Amino acid sequence: MNLSKFLKNGFLILVASLVLTACATQKKTGQMQGDVYTGKETVEYLASGVPDRVFFATNETVLTTASRETLRKQAAWLRKNSKINVVLEGHADERGTREYNLALGERRANSAKDYLMTYGVSADRISVLSYGKERPVDSGSNSLSWSKNRRSVTVKAN
Amino acid sequence: MLLRYLFVVLIIIPIEAFALIEVDITRGNLSPLPVAVSPLAIDKDSKENFEKLLKKKNLGSEISVIVENNLRQSGLFNPLNKDAFLQKPDIANLKPRFEDWNLIKAQALITGKVTFVDKKLRVEFRLWDVLAGKEMMALAFTTVPSNWRRVGHIITDKVYERLTGEKGYFDTRIIYVSEEGPKTNRVKKLAIMDQDGVNNKFLTLGNELVLTPRFSPTNQMVTYLSYFKNLPRVYLLDIETGMQEVVGDFPGMTFAPRFSPDGKKIIMSFAKDGNSDIYTMDLESRIVERITNHPSIDTSPSFSPDGRYIAFNSDRSKYQQIYVMDKNGKNVKRISFGNGLYGTPVWSPRGDLIAFTKLHKGKFYIGVMRTDGTGERLLTENFYQEAPSWSPNGRVLIFYRETKTNSKGEGFSAKLWSIDLTGYNERMVETETDASDPSWSSLLSN
């Protein structure tokens, strides 16, 4: 075996192991950034390319960059479909007291509402409903499940 | 229906005996007091009448079993096995042979008699100090036979009060939320039961989500949150008539309701445009007052028993903490300063403590602190638990606890638990279904 062939094989092995590592990391953290859910598993669509929900970090109500992008798509779609009204359903994960979570869900839905309004959707087309921690989409007791449940979902009202 | 039958309590032999025995309730249940609860004596006629009426073979023993269970559950008493009793119920009630009771190490003895008089249930009972060989208390009362379980609870309350020096909490009810179905779509109903888990009744059908029921001080009314027509609002329910009405019909969500100590107002949160503040509504005049006005979340308000202060939950310092303010919203002071987040403050009926839920490093705790935030004591730690509610004498807390689900989402349950203020005597309260959001009534009779 000459040196170049040895190096070539070694390189292949190195590449293979890098790919494997990448896969492993992907599996572990690919669905969350920090503790905000970035996966697609629970997401439904208002129309093609218009996701129905945005996700939040623990105890947070601020919109992430990805959430703002989703809401801009929703706003554009709502401007085009001016007869459709929506309910923004705000949710929290199970790791908080019931009453505080009701308030938190209401605040999350309103963050989304404010953003939709900034992008030209009139306030009278949007109502807000907080479910607190009462309606999780994922019943698991782990951080990935909780991240899916911290959400505001835009639902057609008519 | 529930409360219409007021008890006539007649003290027939009020003897102010000097108690040699007493139960120290500040030290927990390290050595529960051995007590013998003799079956209540019953004559043949009464026995047959009650059997026809209530389908209970021997009402005398049934009532004594209620007393026995109550005493055991309190953790302060150790009711002795009836098999060891040497004296017959009727003779013991006339004049106990104290040597016999001493022999089985009973320190206190409860005896009594039930009779069927004018279609009513007449009960007398006596509490005896075995070591001193003296009667400590004797009471008799008459009620409708269907109230027989309450008779057992009232006897326990009287015995508890005589031996501990504090009011009991046995003739009481718990209102709670019954839960069924998958975690992602729970069906919730209001339910009410006696404090020992018996006489369970559902008050709503489960058509809409209901949360956080709380008793009025008179026990007749309940305030709670209902999602009727998908509009989360605070409601008022009369448990005698079943009449319901919305009280928090504001343009937004109203939630976290509780009564003021005089029962005349409801204090609650009102959420609008992403901000929750605390309001009161006078139930007679319907006048609404805004108590807090702050861009943070303000919720879970609870009045002090004298009505002068309000404890509440706010995240005005970024995360959930407990605050106390005057009843008009002035002089807001943060009182929780330990590590972690604090929620669900509930003022003790005695006024000296505030019970709370604490979240720290992924664990939930039920604890108490003084009303200025000092003297924090954590009573119990678990994966998830919250929403403590005080027994009317301020000795016991009832709360709910949820279990972790596995990776398949299985294994979830929600149950009611109670724990003594001392941190001892933690026990599950049996319910027909899963259960959450318990609220303890005040004493039904006094």
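Using the number of other C-beta atoms within 10 angstrom as an exposure proxy, rank B:64, B:418, B:317, B:38 with the fewest first. Before the final figure, lay out the partial values.
Values: B:64 25, B:418 22, B:317 12, B:38 28.
Least to most surrounded, the residues fall as B:317, B:418, B:64, B:38.
Using Cα-only point scatterers and the Debye equation, what is log10 of I(q)/I(0) for the range B:371-446 at each q in 0.12, 0.18, 0.20, 0.24 Å⁻¹, rounded to two decimals?
Debye output, listed in q order: -0.40, -0.80, -0.93, -1.19.
Dividing the alpha-carbon Rg of the range B:200-335 by 2.2 N^0.38 Å yields what? List each step's numbers first, then the result.
Working: Rg = 14.7 Å, N = 136, 2.2 N^0.38 = 14.2 Å.
Compared with the compact-globule rule of thumb, the range B:200-335 sits at 1.03.
Go ahead and estimate [θ] at 222 nm for chain B from helices alone: -39,500 (n - 2.57) per DSSP H run with n ≥ 4, summed, over the residue count, rounded to 500. Each step should come with its number before you reach the end.
Working: 5 runs with 56 residues, N = 446.
About -4000 deg cm²/dmol.
What average count of beta carbons from other chains do you get within 10 Å of the Cβ of residues in A:133-146?
For peptide A:133-146, the averaged partner shielding equals 5.
How about the range B:356-446: which chymotrypsin sites (Phe, Trp or Tyr not before Pro) there are in a DSSP loop, with at most 13 other Cβ atoms within 10 Å of their Cβ? Please report the intermediate quantities before stating the final value.
Working: sites: B:356, B:364, B:365, B:383, B:384, B:390, B:399, B:400, B:412, B:417, B:424, B:440; in loops: B:383, B:412, B:424.
Hits after loop and neighbour filter: B:383.
Quick one: which residues, 5 or more positions from residue B:170 or on another chain, have an amide H under 5 Å from its amide H? H modelled 1.01 Å from N in the peptide plane, none for Pro or chain starts.
B:157
Taking the C-alpha atoms of the protein assembly as shown, how large are the radius of gyration and the largest Cα-Cα span, Dmax, in Å?
Over the protein assembly as shown's Cα set, Rg and Dmax evaluate to 29.1, 113 Å.
Would you mind telling me the antiparallel percentage of the DSSP bridges in chain B, rounded to 5? Spell out each step's value before the answer.
On the way: 112 of 120 bridges.
The answer is about 95 percent antiparallel.
Round to a whole angstrom and tell me the spacing of the C-alpha centers of the range B:134-153 and the range B:369-395.
Measuring centre to centre over Cα atoms gives 33 Å.
Find how many whole Å separate the alpha carbon centroid of the range B:187-238 from the alpha carbon centroid of the range B:321-340.
Result: 29 Å between the Cα centres.
Could you go through the range A:50-62 in sequence order and give the Karplus-derived ³J(HN,Hα) for each residue, using 6.51 cos²θ - 1.76 cosθ + 1.60 with θ = phi - 60°, rounded to whole Hz, and x for Gly and Pro?
10, x, 8, 9, 10, 10, 10, 6, 3, 6, 10, 10, 7
Kindly provide log₁₀ I(q)/I(0) values, in the same order as q = 0.11 Å⁻¹, from the Debye equation applied to equal alpha-carbon scatterers of chain B.
Log10 of I(q)/I(0), two decimals: -0.90.
Whole-Hz ³J(HN,Hα) for each residue in the range B:214-227, computed from phi via Karplus 6.51 cos²θ - 1.76 cosθ + 1.60 with θ = phi - 60°, x for glycine and proline: what do you get?
These are the phi-based 3J(HN,Hα) values: 9, 6, 7, x, 8, 6, 7, 10, 10, 10, 7, 9, 10, 9 Hz.
Longest span of chain B, sites excluded, free of GluC sites (Glu not before Pro) in DSSP loop with at most 16 other C-beta atoms within 10 Å?
Numbers: sites that count: B:16, B:22, B:166, B:208, B:240, B:284, B:410, B:426, B:430, B:432.
That would be B:23-165.
Going by Cα centres, the range A:51-72 and the range B:417-446 are how many Å apart?
40 Å
Just counting partner chain Cβ atoms within 10 Å, what average do the residues of peptide A:101-112 show around their Cβ? Present the calculation step by step, with values, prior to reporting the outcome.
Working: counts 3, 13, 18, 7, 3, 12, 8, 1, 2, 5, 1, 1.
Mean shielding by partner chains, rounded to a whole number: 6.
Laboratory data are not the source of any read-out in this text; all were calculated from the coordinates shown. Owing to the predicted nature of the structure, the values given are computational and were not obtained by experimental measurement. Counting neighbours? That spans all protein chains shown, and the Cβs are built from the backbone with ideal geometry, glycine included.
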